Amino acid sequence: MTRDNRFRIAICPGTYDPVTNGHVDVIARAATLFDEVVVCVTAGSVKKQPLFTAEERIDFVRRSVAHLANVRVEGFNSLVTEHARSLGASVMVKGLRAISDFDYEFQMAQLNRHLAAEIETVYLPASPEYSFVSSSGVREVAAWGGSVDDWVPAFVAEALRARRPRGVGSVP
């Protein structure tokens, strides 16, 4: 409980396609700041078609954060503010790697604040060793046969190797 005896629930929303060690780092750090952290994996995306299904992504995140006692994982398919409200969350935690992340996340925070002024957005800067790691970068490197073992949990790296498109990275 916090000093004012309120139970603080935070959400960490995202696509997690796939979850990276940078995501896990931000989630673990959020878990030290809040009573409960709910990692909310969006089922769909208007921006892109995910490589992994929602069920696979939820499973990957669950396995990645299983060591964190006050963290749980669930999928959602609604406005993030509506989902946060349904959970009783008062905070949305977002990780930032670079200024470009801040520009996008700041715009989203303003939209979310308009929709749900009672939900604060908190930014956690990426730890230096993950400041360059993104899900899209991981997917790209993996698609071309490069090693992503340092950037994602081992079972995610294996799943990426299994999804590697035939012919990508080979010379005709």
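The values are calculated or read from the model by the stated rules, or taken from the named source; none is laboratory data. For clarity, every value in this text was computed on a predicted model and none was experimentally measured. Using ideal geometry, Cβ is built from the backbone for each residue, glycine included, and neighbour counts are taken over all protein chains shown.
Miscellaneous remarks
- Residues of the range 60-86 satisfying the condition of being out of contact with any helix residue (DSSP H, G or I) (no Cβ under 9 Å at 6 or more places or on another chain) and surrounded by fewer than 17 Cβ atoms within 10 Å (Cβ to Cβ): R62, A66, R85, S86
- Checked against (1) modelled with pLDDT under 95; (2) among the charged types (D, E, K, R); (3) under 19 Å from A157 (Cα atoms), D4 passes all but condition (3).
- The residues on offer are E129, E82, E158, and the sole one that is acidic (D, E), at pLDDT 95 or above and closer than 19 Å to A30 by Cβ is E129.
- Matching entry among D103, D149 (being surrounded by fewer than 16 Cβ atoms within 10 Å (Cβ to Cβ) and either farther than 30 Å from E82 by Cα or modelled with pLDDT of 95 or more (or both)): D149
- Sole residue being of a type outside the set (A, V, I, L, M, F, W, C) and on the phi > 0 side of the Ramachandran plot, chosen from G44, G88: G88
- Tally, over the range 24-59, of residues that are closer than 18 Å to T121 by Cβ, in contact with an Asp or Glu (Cβ under 7 Å, 6 or more places away or on another chain) and not β-branched (V, I, T): 1
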